[in-house]
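Quick notes on the structure that follows.
Nothing in this text is a laboratory measurement; each read-out follows from the coordinates by a stated rule. This is a predicted model, so every value here is computed, not measured. In this analysis, Cβ positions are derived from the backbone assuming ideal geometry, glycine residues included, and neighbour counts consider all displayed protein chains.
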Amino acid sequence: MDDRSKHMRIGILGTGAMATALGAAWVRAGHDVRVGGRDTEAASRTALLTGASGHGSLAAAAAHGEVVFIAVPAGAAPQLAKERPTCSPVGR
C-alpha cells in the first residue's frame, strides 16, 4: 500500500480553536487540509497557523474534502445548514 493512500483530503468548515487544533494535527499526520470560513481572511490566518494547503470559502473547503469537518459554534450550525456548502460525491 502506497503511503499516500493512507492520507485524505480534509475540508474544515470553521476558523476557531477546534479547527486550528485539529487542522494542525491532521497536517502533521500528512493529510491535505483546506480551511473554509465565512471570513476568508480568518480562513487564511487559520490555514497559516495549521500549515493547511489552502483556504477560502466554506463551499471551497467542502468541495475539497473527502472528509468534511464542521467546526462552528452550535449556534452557527442552523445558518451553515441554510448555506449548504456543496460537497462533491465520493470517488470523484
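Residue by residue, the range 29-45 carries 3J(HN,Hα) couplings of 7, x, 7, 8, 10, 10, 9, x, x, 5, 9, 5, 5, 5, 5, 4, 4 Hz when phi is fed to the Karplus relation 6.51 cos²θ - 1.76 cosθ + 1.60 (θ = phi - 60°); x denotes Gly or Pro.
A cut-off of 5 Å between modelled amide H atoms, ignoring neighbours fewer than 5 places along the same chain, links GLY54 with VAL35.
FRET efficiency for the ALA29 to ALA74 pair, using the beta carbon distance and R₀ = 35 Å, is estimated at 0.85. Less than 5 angstrom separates the built amide H of GLY65 from those of GLY11, all sequence-distant by 5 or more or on a different chain.
Note that the range 73-79 has calculated 3J(HN,Hα) couplings of x, 3, x, 8, 4, x, 5 Hz, one per residue in order, obtained from phi through the Karplus relation 6.51 cos²θ - 1.76 cosθ + 1.60 (θ = phi - 60°); glycine and proline are x. Other residues lying with their Cβ under 13 Å from the Cβ of THR20 contribute a combined charge of +2, Lys and Arg counting +1, Asp and Glu -1.
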